[in-house]
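Notes for the one structure printed next.
Read-outs throughout are calculated quantities, based only on the coordinates presented, and are distinct from any laboratory measurement. Keep in mind it's a predicted model, so treat the numbers as computed, not measured. In this analysis, Cβ positions are derived from the backbone assuming ideal geometry, glycine residues included, and neighbour counts consider all displayed protein chains.
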Number of protein chains: 4
Amino acid sequence: MIIILKQNADKESVEKLRKNITARGLTIHESIGEFAGIIGVVGDTSKIDMSTFASLDCVNDIKRVSEPYKAANRKFHPYDTMVNVAGRITGEGHFTVMAGPCSVESEEQIIEVANRVKLAGATMLRGGAYKPRSSPYAFQGLKGDGIDLLLKAKAITGLPIVTEITNIGNIDLFSDVDIIQVGARNMQNFDLLYELGHSDKTILLKRGLCSTIEEWLMSVEYILSGGNNNVILCERGIRTYENATRNTLDISAVPIIKRLTHLPVIVDPSHATGKTWLVDPLTKAAISAGADGVMIEVHNNPSCALCDGAQSITPDDFDSIMKEVKRRVLFEGKVLS
Amino acid sequence: MIIILKQNADKESVEKLRKNITARGLTIHESIGEFAGIIGVVGDTSKIDMSTFASLDCVNDIKRVSEPYKAANRKFHPYDTMVNVAGRITGEGHFTVMAGPCSVESEEQIIEVANRVKLAGATMLRGGAYKPRSSPYAFQGLKGDGIDLLLKAKAITGLPIVTEITNIGNIDLFSDVDIIQVGARNMQNFDLLYELGHSDKTILLKRGLCSTIEEWLMSVEYILSGGNNNVILCERGIRTYENATRNTLDISAVPIIKRLTHLPVIVDPSHATGKTWLVDPLTKAAISAGADGVMIEVHNNPSCALCDGAQSITPDDFDSIMKEVKRRVLFEGKVLS
Amino acid sequence: MIIILKQNADKESVEKLRKNITARGLTIHESIGEFAGIIGVVGDTSKIDMSTFASLDCVNDIKRVSEPYKAANRKFHPYDTMVNVAGRITGEGHFTVMAGPCSVESEEQIIEVANRVKLAGATMLRGGAYKPRSSPYAFQGLKGDGIDLLLKAKAITGLPIVTEITNIGNIDLFSDVDIIQVGARNMQNFDLLYELGHSDKTILLKRGLCSTIEEWLMSVEYILSGGNNNVILCERGIRTYENATRNTLDISAVPIIKRLTHLPVIVDPSHATGKTWLVDPLTKAAISAGADGVMIEVHNNPSCALCDGAQSITPDDFDSIMKEVKRRVLFEGKVLS
Amino acid sequence: MIIILKQNADKESVEKLRKNITARGLTIHESIGEFAGIIGVVGDTSKIDMSTFASLDCVNDIKRVSEPYKAANRKFHPYDTMVNVAGRITGEGHFTVMAGPCSVESEEQIIEVANRVKLAGATMLRGGAYKPRSSPYAFQGLKGDGIDLLLKAKAITGLPIVTEITNIGNIDLFSDVDIIQVGARNMQNFDLLYELGHSDKTILLKRGLCSTIEEWLMSVEYILSGGNNNVILCERGIRTYENATRNTLDISAVPIIKRLTHLPVIVDPSHATGKTWLVDPLTKAAISAGADGVMIEVHNNPSCALCDGAQSITPDDFDSIMKEVKRRVLFEGKVLS
């Protein structure tokens, strides 16, 4: 950590700062220049709230030199993590396609969609049982019954299932779920992350709607630091001023995550844009940018969907997209998994 | 709800839309113009996910005519709600000043700060016991012990206390807390909101870091629709591209909330900017813009604070600010409460 | 245009609205429903400022039904426009690679870079002569001399040249320039756009740093409506809260532009991210998303560059990227041009 | 300037960096710590593009220690600048009210509005003659005729006039204009700023729609460095994700500008929000936050306005607002000017 002092910093205040640093078991390297003094802080600064120093009169600015995340950091873990879910690999050389409806609505619906996406080549089935909805009056999902229906679809198709948790109190219902999704709105629900970090489930952690990549990685750190290394990240669009799409897909996040961490990252083009006709080009872009997979909403009857129909493609459209996905995954030297 | 059809919309698709609407018990008013047809949907559309219609080929766009929030809506509740906490009123003609440290750190600290802010004129004591921190390695608050210390400070000063909940599992520890705060990161933790809506506690609902005002009001609706009308809103800055301040205080939110709803709204200049020297001018601006109160971070030793020291002012600075607050509250024809 | 009236709209105000509309030569289709009245306005509404109606008491909201841009609109011009610059095509089936330094600094520099990018397969040479710099103290480009040096490089390599204009007063100096670039900061310099619309030069119009896609297309409209159809768009990242990259590349803009307009669109991964190591993955993503080309900064000595060294790749790195570009352009069934 | 080296930085690359720095006439202070080396650069770094160093392999990050703006910087100019326009002062102890229509439409209109705002207490008349419009099909202003009409209104009322320039080519028409406004879209039209910096006119520089405060001050620097110190800044809202208002008024910008610079800053609540009913509360907030004035759109017939009718208040509403403005300016110990 580097603390940049103000020009003409008050000596008393600087002395207070020095004591404050050393009292935390850290050591100091000073360099006082013509324009500004600099205090380099050496030691484990990951537990220090930088803003506490900022309140001192003598401090101009503070800068971290090392990333605040450790367990996710590629510097300390140079090799790619491959996540194995029921024999299917996500990461390094593999490409995962999670497909299915926004929410599970009925046995008929989920079985039909599951069969169709399986046939088209999807490698996992997604579907929402607990739906976080911005309106208390909107359909909130079939909850426990939804998970039961997903498990039926899994039994029939053999596809591992991915579904969202919104409350740690329901964790017991997720014991047969293959991947537990933490949605964008819960990316900083630290109590939930902490508990999942102490479980042995694979976690799909979506990026928060207005989270920086660093904040996202700190949320990963909550899970990894609990001992659970089975984490897949999912870029799903961030909130910007542009309203041509529901969110703005931050495609750069894919190569950035691959560089900063050792974890797999997938892309959700359906939520990112809210428009069915953008799923195809953004899936292609995700593959080329190096993503380890995609998550696509497919509904057998989008206009009757109980939520987010506008972004769900039909099984026929999914068939076409999968033909392209297969060609392109091969082109990148990867295998569907 | 108004559905705008595409030019040359396919008749079959329009017929499908009509059936889809009437199947939900709604009625239709059609107006087919030269450029575009419009279908007005009449009935209770608050439970309809607009995006499901958007997936039909014939639909160009969809527009809500009425706000999706009911219980918070001033249209249906024209009079200002006054929230009474331990005899102190927030709302309509009153001005509330919640002050105290970001987090409770020790008995000595919280008692000293409580005495100082009481003396200066604060009307409530704030302090964090459960701290949601973006890093798992950072100080997470004294938790239950923190609440006990707040209750001691309350016993000594008589100030009602405000503290944040992060997990509904801890609700029992909040039984003597006067106002339960829901922080920005939990503004869309709907399970938490639902439970608080079924309690009888006063809730301070902070705006999410990147939430629209409408989303914020939908979160209020989760609480009100459960039967709990004791809600105070708190504007605390939104995330923008500007980095001169930690967040951008959306001062317009104050008059907008007063116009759209019947609920009191306060401003948190400390979190909004992360800079102590902005607390004074933004507190003044909040008063003039019509806010029902402010929430200010005060710490007896900011540079030793365990979190957010940079935004905490000293008790001496708080004294000066309160002198101005008193003059200005009087000028606006309100009373401190 | 659709005007949505308030519930219980005042009759007098509605009558005023009707007169206001018909006075502009437009006709009215009314539909008064239970919840809201709607007035459909038929005729050429492209010249009407919607906000003038919004000031009437009776108006709840106003919505355009048709896009405000005409000449760029694919609805009226269904076939892809191919822009021909010195025999090289941009658009439909072709892929253009514009490469070169941020700014022209010396004859030696521009000739060396031009030769290297030509060898690697670039199809056009970019280089800044007039540099809009946020600081008045920064290097502002070689101006007229820079254009002369670009023309020398063109004479040697045969590559058409692309360079930015910042002031219409300099237009005479651009007579031998193949493509005139309008930078992000001038995207809404309407006087400049107007003049360029009345020239016969090919224009590369970069997206403004915080412009919506619709605003960008309205700026295109300034050029097209003057009679100049030779326009190429360039997505170069938008400003968001995320600071891991300098801007956020809005990859969705590529398929959106292709759908809404008939014009070619390219991507600038260098400016979009400000990081050299992101040029490779984002170039790949751009190709797959359907872009008609890319614009890449290449400098023979990035650390001595007079501007934006951090985002300039070396000629060696450009060689590697071009190998991938060639494979991928072929894979997409396009040809380099 | 501080350059933070990477851990285990390559020695050759560091040596290259040292030479690069000293070749620019700057001196070096090194401090190599356990975790990171730091190179402090001493000398006039204002003309250095920081990103050129960033391209070197050994560099982790670069940080400016001193602000890049000099002439506007309060550090070097501690006393408030008061701008005198035709005997009226803006800044330090004075409060300026610029009022008038978005655009000048006719002699009758501008005279009527000018008389009304004068009567109510406005101190200057604003009105647009050259209107930058996002659509080429929209009303673009009366141009030279508009300026003539403003001068007539000035002759009748005695109010100094403020109007926008969009093209330096028209500067001769502005010779009798009291304050030349540079609009948000031209805040980074550096050619225009440069020319205005070499004129002796008072300049009102609006903040760009997505400009940081630092970028805004660098644009000010273009004017001041040319020798023209007569600059007033105007905060007019920034672009964010929130759509309840057209832009988000960044009220914090007022105290920040007052602290960082010696220049006066005013607020434009009309453009910031696009809603008439927000003009009153935001004007009050601006006064309390320390603004040196406001700029308010007033139109005698908002629903017939040729642009931006939705944000223009009526003369009657302006009367009410001015009553409040007078009370509050007095309360702050200032005088209308």
| Build a GNM of chain D with springs between Cα atoms under 10 Å: which of D:Thr123, D:Thr212, D:Thr248 gets the top mean-square fluctuation? | D:Thr212
| task | Taking the Cβ of D:Arg116 as the centre, find all other residues whose Cβ is under 10 Å away and add up their charges (Lys, Arg: +1; Asp, Glu: -1). | result | -2
| note | Out of C:Pro68, C:Pro281, C:Pro101, a Gaussian network model of chain C with alpha-carbon springs under 10 Å gives the largest mean-square fluctuation to C:Pro281
| Once you put a point 7 Å from the Cα of C:Glu107 and another 7 Å from the Cα of C:Ile156, both along the Cβ direction, what distance in nm separates them? | 0.9
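How high is the relative contact order of chain C, in percent, counting Cα pairs under 8 Å that sit 6 or more residues apart?
The value is 17 percent.
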| note | Shortest first and in nm, the label-point separations between A:Asp319 and its counterparts in the other identical copies (7 Å out along Cα→Cβ) come to 4.8, 7.2, 8.0
| request: Give me the angle, in degrees from 0 to 90, between the Cα long axis of helix D:279-289 and the longest principal axis of the Cα atoms of chain D, rounded to the nearest 10. | output: 50
| request: Report the residue, chosen from D:Glu242, D:Glu215, D:Glu195, that carries the largest GNM mean-square fluctuation when chain D is represented by alpha-carbon nodes joined by springs under 10 Å. | output: D:Glu242
| field | Cβ-vector label at 7 Å, B:His198, separations to other copies in nm | value | 2.5, 7.1, 7.4
| field | Förster-model FRET efficiency, 22 Å R0, B:Asp148 and B:Leu119, C-beta, rounded to 0.05 | value | 0.45
| Which ordering of A:Asp268, D:Asp319 is given by a fewest-first count of other beta-carbon atoms within 10 Å? | D:Asp319, A:Asp268
| query | So what's the gap between the Cα centers of region A:117-142 and region C:1-53, to the nearest angstrom? | reply | 41
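Using the Cα gyration tensor of the protein assembly as shown, with a ≥ b ≥ c the square roots of its eigenvalues, what is the shape: rounded (a/c below 1.5), prolate (a/b larger than b/c) or oblate (neither)? Mind showing how you got there, number by number?
On the way: a/c = 1.07, a/b = 1.00, b/c = 1.06.
Taking the square roots of the gyration eigenvalues as a ≥ b ≥ c, the protein assembly as shown is rounded.
Would region D:83-336 count as rounded, prolate or oblate if I go by the C-alpha gyration tensor, calling it rounded below 1.5 in a/c and otherwise prolate when a/b exceeds b/c, oblate otherwise?
rounded
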| Counting each DSSP H run of 4 or more residues in chain C as -39500 (n - 2.57), what helix-only mean residue ellipticity at 222 nm follows after dividing by all residues, to the nearest 500 deg cm²/dmol? | -9500 deg cm²/dmol
| Using a basic spin-label model with each label point 7 Å from the Cα along Cα→Cβ, how many nm lie between A:Thr27 and A:Lys11? | 2.6
| task | With 22 Å as the limit, write out which pairs from A:Lys143/B:Lys47; B:Lys131/B:Lys326; A:Lys323/C:Lys334; B:Lys258/D:Lys284; A:Lys70/A:Lys258 have Cα-Cα distances beyond it, or answer none. | result | B:Lys131/B:Lys326
| field | Dipole magnitude of region B:1-145, debye to nearest 20 (Cβ charges: Lys/Arg +1, Asp/Glu -1, about Cα centre) | value | 180
| query | Across the residues of D:286-295, average count of Cβ atoms on other protein chains within 10 Å? | reply | 4
| query | Antiparallel as a % of all DSSP beta bridges within region B:83-336, to the nearest 5? | reply | 10
| query | Of all DSSP beta bridges in region A:23-145, what percent run antiparallel (nearest 5)? | reply | 75
| remark: The rounded separation in angstrom of the Cα centers of region A:215-287 and region D:284-337 is 45
| request: Run through the other copies and list how far each one's label point is from that of B:Gly93, in nm with one decimal, shortest first; the point sits 7 Å from Cα along Cα-Cβ. | output: 4.0, 7.6, 7.9
| Which value, in debye to the nearest 20, gives the size of the charge dipole of the protein assembly as shown about its Cα centre, when Lys and Arg are +1 and Asp and Glu are -1 at the Cβ? | 0
| note | Relative to chain C, whose Cα atoms define the longest principal axis, helix C:315-331 and its Cα axis are tilted in degrees, nearest 10, by 50
| field | Principal-axis tilt of helix B:144-157 within chain B, Cα atoms, nearest 10 degrees | value | 60
| For the rotation that brings chain C onto chain D, whose beta-carbon in chain C is nearest the axis, and what is that distance in whole angstrom? | C:Cys210, 2
| remark: Of all chymotrypsin sites (Phe, Trp or Tyr not before Pro) in region D:53-110, the ones in DSSP coil with at most 16 other Cβ atoms within 10 Å are D:Phe76, D:Tyr79
